[in-house]
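Reviewing the structure listed below.
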Amino acid sequence: LEITDCIKVYRTYLWIFGNSVRSFIYFILSFLPSIIKLIKIIKIEKPDIINFHFSDSAALYVLLLKRIFSLPVVVSVHGNDIQKFPKESFIYRRLTTALLKKADFVTACSKSLLEDAIQLEPSIKDKSISIGNGIDLSEFDLKDIYKAERPYILSFGRLEHKKGFDVLINSFKIVSDQFPNYDL
């Protein structure tokens, strides 16, 4: 147990199985101790709700806790948990759809991700919403913002195809003749 900003933080590793025999053995050996620790935490803290982020094979833990305690569960999806893992593995797909079905509510960090989650498990349509990631502006010094010589378009994210940087670069190439004073 640790205290961070007056909030109790319990840390436990929820081993998830991968594609190797070794990872499956680690999962088998760690599952029972992890679930026992989670049960103890719930008995001590008596939460009103479980909010589970990034659905992966750790969903098995949440499904089991929901069954044991009958607690409401909010599942918050973030990307690969919906768009990648269920396509790569039958087990991930089954766990993800089971968790989405059993969830009392589902949130996604974008409308398109929510649409993907609904496509994966249509029953969540009436119990879901997209909530964009927020930021605490007080943590930033906005008085000294970056001053560029020319207007510019800024985009950032992981350099992978699904983030669409190729689309941005190709689009900028098309419109840069019409807006020659802009930088990318």
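The values are calculated or read from the model by the stated rules, or taken from the named source; none is laboratory data. This one's a predicted model, so the numbers in the text were calculated from it and none came from an experiment. Don't worry about glycine lacking a Cβ; one is built from the backbone with ideal geometry, like all the others, and counts go over all protein chains shown. Surface areas here come from the heavy atoms of the whole protein model, side chains and all, with no ligands, DNA or RNA. Shrake-Rupley method; radii C 1.70, N 1.55, O 1.52, S 1.80 Å.
What the Cβ-Cβ distance of residue 42 and residue 172 gives, at R0 = 45 Å and to the nearest 0.05, is a FRET efficiency of 0.35.
Close amide H contacts of residue 79 (hydrogens built in the peptide plane, cut-off under 5 Å, sequence separation of 5 or more or a different chain): none are found. The alpha-carbon positions of segment 16-64 define a convex hull whose volume is 69 Å³ per residue.
Against the chain, whose longest principal axis is taken from its Cα atoms, helix 90-102 shows a tilt of about 80°. Among 121, 149, 115, the order of accessible area from largest down is 149, 115, 121, computed with a 1.4 Å probe on protein heavy atoms. Using 0.36 nm per residue and subtracting the Cα-Cα separation, the extra length available between residue 10 and residue 160 on full extension is 50.7 nm. Counting protein heavy atoms only, the chain has 59 percent of its accessible area on carbon and sulfur, 1.4 angstrom probe.
For the chain, the solvent-accessible area of protein heavy atoms averages 72 Å² per residue (probe radius 1.4 Å; ligands and nucleic acids excluded). Rounded to 0.05, the FRET efficiency of the residue 24 and residue 88 pair, given R0 = 22 Å and the Cβ-Cβ distance, is 0.85.
Here the label points at residue 112 and residue 125, each 7 Å from Cα along the C-beta direction, are separated by 2.2 nm in the simple model.
Calculated from the structure at hand, Rg/Rh (Cα atoms, Kirkwood Rh) is found among [x] 0.96; [y] 0.99; [z] 1.07 as [z].
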